[in-house]
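The values are calculated or read from the model by the stated rules, or taken from the named source; none is laboratory data. These figures come from a predicted structure and were not determined experimentally. Positions of Cβ are generated from backbone atoms using ideal geometry, with glycine treated the same way; all protein chains shown enter the neighbour counts. To get the accessible areas, we keep the full protein, side chains included, count just its heavy atoms, and leave off ligands, DNA and RNA. Shrake-Rupley method; radii C 1.70, N 1.55, O 1.52, S 1.80 Å.
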Amino acid sequence: ANAPEKPRARRETRLVKFGVVEGENRGEDAMDPARTIEDDLFWLRDDERKSDEILKHLERENAYTEAHTEHLKKLETKIYEEIIATIEETDVDVRFAWGDRHEYWVKTQKGKAYPIIYRCERANGKHVEKVLDVNEVAAEMKYCSLGGFKPSPTHDVLAYAIDATGFETYTVRFKDLNTNELLDDVLEGCAGGVSWGGGVNREVYYSTMDDAHRPDKVWRHTMGTPQSSDVCVLEEPDELFNVGFSRTSSGRYMMLESESTEENECYVIDLDAADAAPDVRLVQKRSPLHRYYLEHRGDTFYVLTNKDEKINFELLMTPVDALGQDNWVPVVDGAGAPVFAYDDKRTLESFFACKNHLVIDGRENGFSAMWVVRLSEESGEVVDWHKTEWPSENALVYPSVAGETLRCVGANQVWDTNEIYVSYSSLNQPRTVYKYDMNTKSKKEMKKTPVKGFDTSKYTTMRLEVTARDGVKVPVSIAFKTNLRAHRGPLLLEGYGSYGISNDPAFMRTAVPLMDRGVTIAIAHIRGGGEMGREWYEKQGKYFTKLNTFHDFIDVAEHLVSTGWTQPSKLAISGRSAGGLLMGATLNMRPDLFRCVVAGVPFVDVMVSMCDPSIPLTTGEWLEWGNPNVEKYFDYMMKYAPMENIRPMEVAPDVLITAGLYDPRVAYWESAKYAARLRDAVKNGARVLLKTDLSAGHFSASDRYQHFKQTAFEHAF
């Protein structure tokens, strides 16, 4: 009753035209006549994020949300305090070797929002040095995200990338680790990654973006020279493709890549031979639906590829002087049988090499998995290979070194080793880092993430299968506090279901306060994700099968209701980004099925965004949803596009929509427009609330304490 007046957003109508996009339309005929959609909320878009009128509108929306959630403040504070109480606020992560001389590790300190990275001498643990204190970097910033983090090959200079707004445009700085002084070299407008090239602390590779925020160029920078003199080593004019780069585990080659969601092509630069004009060698020219990835060892490149309709990828090899796919042959064991004979139930997703091993991670039978191939040091032939084993299959397992803070580092930084670090967690098992011996298959626990007060034995996790409307079995991961589970009790159902990304059942410390209040946590592994292999995505969850994603989620929710796990009046759903699209589409289809919805940075203005190539990421997204300027895609996308399918709702749940002002992936105006349109459609008094972080981007607050506060707010809602 004391809430302020609902923010008003209606303005004059703008006609958005489809079928008239400039340039080639990927071989498709343009629509005739062109279609139109009325957009009376276009005025909320401000690419510069500086309009006083729009900022005041967003502030009014925030005030409206604050007023409607004022009664939840005590609960929000209590949840936040419970989350913080589980954290070892001053903590040290696992030390990991980086090269022959040093060990690095990450430390957090109580009261400090950002991590601190240290190192010492590997041989004796002496000479501890502070490499980078992100708190000091962030001191004058409202937002600070660490991108690339790479010491030079001699470990005398650190290259690191910082995003100061949330727009995911990075500045690369260089720190002399002997003097702790910043060098004069500065690289502006970068995509975030950085890698050292040839020479002794001489060359650095990085990428920049075009006006649509698409990484389109890879550059080689020579230390001590201005950025304006850098050499462009790869340029990608096709707006459907992004560029990338990385150094092989051997350190010998720089790999360059131009990739869309459906195909790619790779190039290599021999760093031992690189000079003023680096020799950029094409590996295999791009072709429709063909994707491949490389690793190097000795005189061989290993290749993960989906060629010849091996949609889940297979492992091949080729000599370094004969790169084309005509030379690719299977990696075989001593008996001549292919390692990883192709299997529809096994997906090979990524890999890296050590001196005598290949480590491959992927999926098998719907679960994350990891394999090791042991190679002869002399001949390079396969000695043996095995699948690694862990406490439970219904978990997340992956090679790692330093947790979330330095995921950019990669999984292993020592070439000559028989041991790697592996992270394991499940919905009721906090992240545990093991040292895994690739020869003996033994593992040693190095660190379990402390979650104070959490007793694993008091929580249950399981996996269900739900039969969808077309007969397909959809997996669902579930966790709850054993003694609090109630028949038809409260349940939070989460989902994503896009890009082939797997939504694995990993531990979430922020879910503990919910489970401790009797809430069951469920994750629907719906089509469009990668949980059941590439077909789950490519054949059953994109383009003209995208409706499966939304139908699966609804079918899972109905099953959880019909089997007594929950009831509509106690069923909450949550999804972020493309998972926010999932929220919008399922809400339109079944508004009666849910009690409340959290749509985080939701991609809901699908039609309007996808027809405008000037919006960041748009053109590349045509290979996920389809190009609405083409009639067949327009017609199909209109069946689920959230904004265009909002209808008057006599029964509707409460909805919380979140946004980040500087989000380049899903622009803030999508959330603002969605809140306005949805609010007008709700007829039963349900609340539609918009909360915009005016100093963050797609991934919410970078400050760990602020991030937990945002989560506590959503949980309280």
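Couple of notes before you dig in:
- Hits in the stretch 605-649 (condition: β-branched (Val, Ile, Thr), within 20 Å of TYR668 (Cα to Cα) and either in contact (Cβ under 8 Å) with a residue 40 or more places away in the chain or surrounded by fewer than 19 Cβ atoms within 10 Å (Cβ to Cβ) (or both)): VAL608, ILE615, THR618, THR619, ILE646
- Some residue of the stretch 258-267 being under 27 Å from ASN356 (Cα atoms), outside the structural domain of MET532 (by the TED database) and touching a residue at least 60 places away in the same chain (Cβ under 8 Å): no
- The stretch 437-453 residues that are within 15 Å of PHE507 (Cβ to Cβ) and hydroxyl-bearing (Ser, Thr, Tyr), paired with ones that are assigned to a strand (DSSP E or B) and open to solvent by less than 90 Å² (accessible area, probe 1.4 Å) (beta carbon under 9 Å, 6 or more apart): THR449/ASP91; THR449/SER425; THR449/PRO430; THR449/ARG431; THR449/THR432; THR449/VAL433
- So LYS447, is it touching a Lys or Arg at 6+ places or on another chain (Cβ under 7 Å), in a strand (DSSP E or B), among the basic types (Lys, Arg) and open to solvent by less than 70 Å² (accessible area, probe 1.4 Å): no
- Count - residues of the stretch 541-557 that are under 24 Å from PRO288 (Cβ atoms) and surrounded by 20 or more Cβ atoms within 10 Å (Cβ to Cβ): 5
- Any hit, the stretch 504-513, residues being touching a Leu at 6+ places or on another chain (Cβ under 7 Å) and surrounded by fewer than 22 Cβ atoms within 10 Å (Cβ to Cβ): yes
- Of the strands (runs of 3 or more DSSP E) lying entirely inside the stretch 129-198, the ones with 3 or more residues being surrounded by 20 or more Cβ atoms within 10 Å (Cβ to Cβ) are found at 145-151, 157-163, 170-176.
- Inspection of the stretch 407-424 finds no residue satisfying the criterion of being assigned to a strand (DSSP E or B), open to solvent by less than 70 Å² (accessible area, probe 1.4 Å), in contact with a His (Cβ under 6 Å, 6 or more places away or on another chain) and modelled with pLDDT of 95 or more.
- Condition broken by LEU560, with the remaining ones in (1) more than 19 Å from GLU714 (Cα to Cα); (2) open to solvent by 10 Å² or more (accessible area, probe 1.4 Å); (3) more than 25 Å from the chain's Cα centre (by Cα) satisfied: (2)
- Looking across the stretch 343-397, the residues that are under 21 Å from SER502 (Cα atoms), of a type in the set (A, V, I, L, M) and either assigned to a strand (DSSP E or B) or in contact with a helix residue (DSSP H, G or I) (Cβ under 7 Å, 6 or more places away or on another chain) (or both) come down to LEU348, VAL359, ILE360, ALA369, MET370, LEU396, VAL397.
- The single residue among SER569, SER562, SER614 that is closer than 20 Å to VAL474 by Cβ and out of contact with any Ser or Thr (no Cβ under 8 Å at 6 or more places or on another chain) turns out to be SER562.
- Of the residues screened, PRO653 is one that is in contact (Cβ under 8 Å) with a residue 40 or more places away in the chain, open to solvent by less than 10 Å² (accessible area, probe 1.4 Å), more than 26 Å from the chain's Cα centre (by Cα) and over 25 Å from GLU538 (Cα atoms).
- For ARG214, the criteria (1) in contact with a helix residue (DSSP H, G or I) (Cβ under 8 Å, 6 or more places away or on another chain); (2) more than 28 Å from GLU48 (Cα to Cα) hold in every case but one, which is (2).
Residues are listed down the side, and each one gets a yes or a no for (1) over 25 Å from HIS525 (Cα atoms); (2) charged (D, E, K, R):
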site	(1), (2)
GLY362	no, no
ASP384	yes, yes
GLU389	no, yes
TYR424	no, no
GLN429	no, no
SER442	yes, no
MET446	yes, no
ASP455	yes, yes
THR461	no, no
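- Taking the stretch 68-126 as the range and being open to solvent by 60 Å² or more (accessible area, probe 1.4 Å), in a loop (DSSP other than H, G, I, E, B) and among the acidic types (Asp, Glu) as the test, the residues that pass are GLU88, ASP100.
- Residues located in the stretch 690-705, provided they are of a type outside the set (A, V, I, L, M), over 15 Å from ALA85 (Cα atoms) and not in a loop (DSSP other than H, G, I, E, B): LYS691, THR692, ASP693, GLY697, SER700
- Selection status of PHE241, surrounded by 20 or more Cβ atoms within 10 Å (Cβ to Cβ), closer than 22 Å to THR619 by Cβ and out of contact with any Phe, Trp or Tyr (no Cβ under 8 Å at 6 or more places or on another chain): yes
- For the stretch 514-537, residues that are touching a residue at least 60 places away in the same chain (Cβ under 8 Å), open to solvent by 10 Å² or more (accessible area, probe 1.4 Å), out of contact with any His (no Cβ under 7 Å at 6 or more places or on another chain) and within 18 Å of HIS715 (Cβ to Cβ) total 1.
- Within the stretch 199-215, if we keep just the residues that are aliphatic (A, V, I, L, M) and outside any strand (DSSP E or B), the residue that is most open to solvent (accessible area, probe 1.4 Å) turns out to be VAL200.
- In the stretch 461-502, the residues that are among the small types (Gly, Ala, Ser), under 27 Å from PRO430 (Cβ atoms) and open to solvent by less than 10 Å² (accessible area, probe 1.4 Å): SER477, ALA479, GLY489, GLY495, GLY497
- Test: residue in the stretch 55-64 that is within 28 Å of the chain's Cα centre (by Cα) and not charged (D, E, K, R): yes
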